[in-house]
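**Q** If you scroll down you'll find the structure; I have some questions about it.
All of the numbers you see were taken from the coordinates with simple rules; none came from a lab. Everything numeric in this text was worked out from a predicted model, so none of it was measured. Because the Cβ atoms are built from the backbone with ideal geometry, glycine has one as well, and the counts that use them run over all protein chains shown.
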Amino acid sequence: MREQIVILTGAGISAESGLGTFRDEGGLWAQHRIEDVATPEGFARDPERVQRFYNMRRAEAREAAPNAAHFALAALEAVQDVLVVTQNVDGLHEAAGSKNVLHMHGSLARAMCGACAARWDAPLVMQVADACPHCAAQATRPDIVWFGEIPYGMEEIDAALQNATLFASIGTSGNVYPAAGFVAEARRLGVRTVELNLEPSAGYSLFEEARIGPASETVPKWVAELS
Ligand code: APR
């Protein structure tokens with residue numbers, strides 16, 4: 001009987017690919033203020049600064065390669081029913097071969113229009129003066145879910161949790177909702193839960209099992225046990 005596995009990933013799974021996390025020592029939120037670069041208000045106040053922030057992250061993400069943890073999750077799709085719900089905006093799950101990936105916080109690879117909500121593949125460098133390819137408004141922005149905005153795919157995620165036999169959380173500090181609430185929902189539904197993280201997350205006590213260590217070591221081992 002195949003497992004129905006919902007896997008939540010966070011910045012920690014991409015750390016060993018060289019992409020910065022947010023809340024670790026020296027992380028992105030130690031270098032930039034969230035209110036300046038990850039809120040609609042910050043974008044309205046200084047769109048230039050926000051586009052620069054995401055142009056830098058888009059360039060870094062394009063240079064990064066998947067690590068053993070991404071590849072292991074891609075291989076898991078061959079033997080179990082897997083949905084990767086990622087908070088990450090990099091494309092490393094897809095680059096490793098994962099097919100069922102839901103970017104609940106958006107993606108650096110996508111752009112959107114603040115006027116008509118059209119979405120398209122983002123250029124490497126986005127400029128404030130760029131016009132929307134659909135309505136021509138100069139209101140283009142990264143297709144990233146900012147604080148105060150509604151994450152993508154919540155209905156699909158809820159449905160997947162309802163049918164899940166196993167919920168795994170990998171490389172996330174468990175600080176940001178609604179993602180941080182998925183483990184409580186899984187427990188309420190009687191779904192088995194496991195956390196794979198470099199250190200115990202904020203939701204540590206809610207997981208039945210924890211595997212502490214770098215994702216490139218813990219994830220392949222965990223996947224091997226499921227294969
Ligand atoms: N292997 C496994 N886990 C790791 C590794 C690693 N090599 N390196 C770091 N971690 C863990 C850290 O211990 C931490 O618990 O990854 C987690 C990263 O936490 P955050 O930096 O808070 O990132 P994340 O949980 O993904 O943030 C969630 O917050 O700012 C918003 O939208 C942003 O999607 C992001 C959300």
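**Q** Before rounding to the nearest 500, sum -39500 (n - 2.57) across all DSSP H runs of length at least 4 in the chain and divide by the residue total; then give [θ] at 222 nm in deg cm²/dmol.
**A** That comes out to -9000 deg cm²/dmol.
**Q** Now a separate question. Mind putting together the pair-distance distribution for region 1-41? All Cα pairs, 5 Å bins, whole percent per bin, short to long.
**A** The calculated distribution, bin by bin, is 5, 19, 18, 18, 15, 9, 7, 4, 3, 1.
**Q** Further question on the same structure: What relative contact order, as a whole-number percentage, does region 178-227 give when Cα pairs under 8 Å and 6 or more residues apart are counted?
**A** 30 percent
**Q** Another question, then. How do Trp146, Trp222 rank when sorted from fewest to most other Cβ atoms within 10 Å of their own Cβ?
**A** Numbers: Trp146 18, Trp222 21.
Ranked by crowding around the Cβ, least crowded first: Trp146, Trp222.
**Q** Also, quick follow-up: For each of Leu206, Leu196, count neighbouring Cβ atoms within 10 Å of the residue's Cβ, then give the residues from fewest to most.
**A** Numbers: Leu206 18, Leu196 27.
With the sparsest Cβ surroundings first, the list reads Leu206, Leu196.
**Q** While we're on this one: Out of all Cα-Cα pairs in region 62-143, roughly what percent, to the nearest whole number, are more than 18 Å apart? Intermediate values should be presented prior to the final figure.
**A** On the way: 1630 of 3321 pairs.
Cα-Cα pairs in region 62-143 separated by more than 18 Å: 49 percent.
**Q** While we're here: Cα centroids of region 1-38 and region 90-120: how far apart, whole angstrom?
**A** Centre-to-centre distance over Cα atoms comes out at 15 Å.
**Q** Taking 10 °C and 1.306 mPa s as the conditions, I'd like the Stokes-Einstein D for region 157-227 in µm²/s, using the Kirkwood hydrodynamic radius from alpha carbon pairs. Write out the running numbers ahead of the final one.
**A** Details: Rh = 12.3 Å.
Approximately 129 µm²/s, per Stokes-Einstein.
**Q** Related question: In terms of modelled amide H atoms, which long-range or inter-chain residues lie less than 5 Å from the amide H of Arg110?
**A** Residues meeting the criterion, in which the H sits 1.01 Å from N, are Ala122, Asp143.
**Q** Isolated Cys in the chain by the 4.7 Å beta carbon test?
**A** Singleton cysteines: none in the chain.
**Q** Right, something else. Give me, ordered by chain and number, the residues 5 or more places off Leu102 or on other chains with an amide H under 5 Å from its own placed amide H.
**A** For Leu102, the qualifying residues are Val84, Val85, Thr86.
**Q** Over all alpha-carbon pairs of region 109-204, lay out the pair-distance distribution in 10 Å bins, whole %, shortest bin first.
**A** 14, 32, 24, 21, 8, 0
**Q** Could you state the angle between the C-alpha long axis of helix 215-226 and the longest principal axis of the C-alpha atoms of the chain, as a value from 0 to 90 degrees rounded to the nearest 10?
**A** On a 0 to 90 degree scale, this one is about 50.
**Q** Using the C-alpha gyration tensor of region 28-182, what are the square roots of 5 times its eigenvalues, in whole angstrom, with the largest one first?
**A** For region 28-182, the ellipsoid semi-axes come out as 28, 17, 16 Å.
**Q** Now for a separate question. What share of Cα pairs, in percent, lie more than 17 angstrom apart in region 1-86?
**A** Everything past 17 Å amounts to 60 percent.
**Q** Using θ = phi - 60° and the Karplus relation 6.51 cos²θ - 1.76 cosθ + 1.60, list the HN-Hα couplings for region 26-40 in order, rounded to whole Hz, with x at every Gly or Pro.
**A** With the stated coefficients, region 26-40 comes to x, x, 4, 7, 9, 9, 9, 7, 3, 5, 8, 10, 9, 9, x Hz.
**Q** Let me ask something else. Full extension from Asp158 to Arg2: what is 0.36 nm times the residue separation minus their Cα-Cα distance, to one decimal in nm? Mind showing how you got there, number by number?
**A** On the way: separation 156, 0.36 × 156 = 56.16 nm, distance 1.97 nm.
Extra length from Asp158 to Arg2 when fully extended: 54.2 nm.
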